[in-house]
Amino acid sequence: MHEVSTKPYLLRAIYEWCTDNGYTPHIAVVVDTQTRVPMQFVKNGEIVLNISFDATSNLKMENDTIHFNARFGGVSREIIVPVSNVIAIYARENGQGMAFEVSAELKSDVPVPVVEENTTAPSLVAVKDSDDAQEESHTVSDDDLPDPPKKSKKPVLKLIK
């Protein structure tokens with residue numbers, strides 16, 4: 001008889017722990033051809049999904065797949081994630097959860113996004129009020145822009161074997 005992996009049971013247990021404690025459960029997923037997610041939100045072949053009760057409908061965490069409906073940009077989408085593609089489940093608020101190893105063959109199946117090179121740097125053009133219409137437009141350089149906000153430190157997951 002084929003033995004079922006412990007991974008889906010651990011995923012359901014961490015999900016239940018998160019909801020029982022008022023935390024927001026998230027899963028990190030490696031995206032491949034078997035994964036149905038909105039591709040515009042995939043970064044480096046991975047996506048993080050909020051699987052809380054408030055963010056999903058019809059959530060089913062089965063032994064082979066996790067599937068649910070969720071809204072992305074106001075549009076309802078059916079999400080299907082193979083359990084083997086889940087690399088972590090954790091609480092958004094404190095980062096506590098569990099990470100899983102990903103097989104080498106799954107990593108090699110991840111599509112690599114094609115990024116076209118842009119040879120010219122983007123620039124901003126100041127728009128004047130109608131009162132200032134007499135003045136010439138001024139191109140804003142990178143030196144004129146404020147520094148971007150500093151990123152906050154995110155929780156780090158530990159791999160438990």
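Taken together, the values in this text are just the output of simple stated rules run on the coordinates, not laboratory data. These numbers were taken from a predicted model, which means no experiment stands behind them. Neighbour counts are summed over all protein chains in view; Cβ atoms, including those assigned to glycine, are modelled from backbone coordinates with ideal geometry.
Determine, from the Cβ-Cβ distance of Thr24 and Glu3 and an R0 of 35 Å, the FRET efficiency 1/(1 + (r/R0)^6), rounded to the nearest 0.05.
Between Thr24 and Glu3 the formula returns 0.65.
Just the Kirkwood number for the range 13-73, please: inverse of mean 1/r across all distinct Cα pairs, in Å, one decimal.
12.5
Which order do peptides 85-98, 19-32 fall in by mean Cβ count within 10 Å, highest first?
85-98, 19-32
Along the three principal axes, how long is the range 1-114 when you take its alpha carbons, biggest first, rounded to the nearest angstrom?
The Cα atoms of the range 1-114 stretch 44, 40, 27 Å along their principal axes.
Note the full-extension length gain between Ser103 and Asp54 as 0.36 nm times their separation in residues minus their Cα-Cα distance, in nm to one decimal.
Gain in length upon complete extension: 14.5 nm.
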